[in-house]
Amino acid sequence: MAKIKKFEDIESWKRARILTKQIYEITSMGEFRRDFGLKDQVRRAAVSVLSNIAEGFERGGDQEFLQFLAVAKGSCGELRAQLYVALDQGYFSLEKFETLSSAATEVGQLLAGFMRYLRESDLRGSKYR
C-alpha cells in the first residue's frame with residue numbers, strides 16, 4: 001500500500017465526499033427539503049463520515065485513528081438507517097434509495113478493510129516516530 005500523506009488520499013474519504021455531495025443534492029429536493037429535522041440529521045451523518053476520517057488521520061496516533069475510523073463506520077450505518085426513514089416517507093424512489101444505501105455500505109466496507117489493515121500492520125502514527 002502506498003504511503004498516505006494526507007487524509008485526502010484515503011479512498012474511503014474520497015468516496016464519503018462523493019456520497020455527502022449526493023446526500024446534499026437529494027435533501028435539497030421536493031418534500032425532503034422541508035423535513036428540517038430529518039434533512040439535518042441525514043446531512044450530519046454523511047458529514048460525520050468524512051470528518052471523522054480526516055480528524056482521526058490528523059491526530060497522528062494509530063489507536064486514535066482507528067477509533068475515529070470506527071466512529072465514521074458507525075455514521076455510515078446511521079446514514080443508511082435514516083435513508084430508510086426517508087424512503088418510507090416517500091422522499092425519493094426505491095432506485096435512489098438503493099444507490100445511496102449501496103454507496104454508504106461501500107464506504108463502510110472500505111473503512112472496515114482499512115481498519116483491519118491498520119490493526120494488522122506495523123505502521124504507527126506520526127506521534128510515535
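Consider segment 21-74 and keep the residues that are surrounded by fewer than 16 Cβ atoms within 10 Å (Cβ to Cβ), part of a loop (DSSP other than H, G, I, E, B) and at pLDDT 95 or above. The one that is farthest from the chain's Cα centre (by Cα) is 29.
For segment 2-17, the condition holds for at least one residue, the condition being that it is at pLDDT below 95, loosely packed, with under 14 Cβ neighbours inside 10 Å, on the phi < 0 side of the Ramachandran plot and aliphatic (A, V, I, L, M). What about residue 12, is it without any contact (Cβ under 8 Å) to a residue 60 or more places away in the chain, among the hydroxyl-bearing types (Ser, Thr, Tyr) and either in a helix (DSSP H, G or I) or closer than 24 Å to residue 92 by Cα (or both)? In short, no. Of the residues making up segment 102-129, those that are modelled with pLDDT of 95 or more and surrounded by 17 or more Cβ atoms within 10 Å (Cβ to Cβ) are 103, 104, 107, 108, 110, 111, 114, 115.
The values are calculated or read from the model by the stated rules, or taken from the named source; none is laboratory data. Fair warning: this is a prediction, and the values are worked out from it, not measured in the lab. Heads up, the Cβs are rebuilt from the backbone with ideal geometry, glycines too, and the neighbour counts pull from every protein chain shown.
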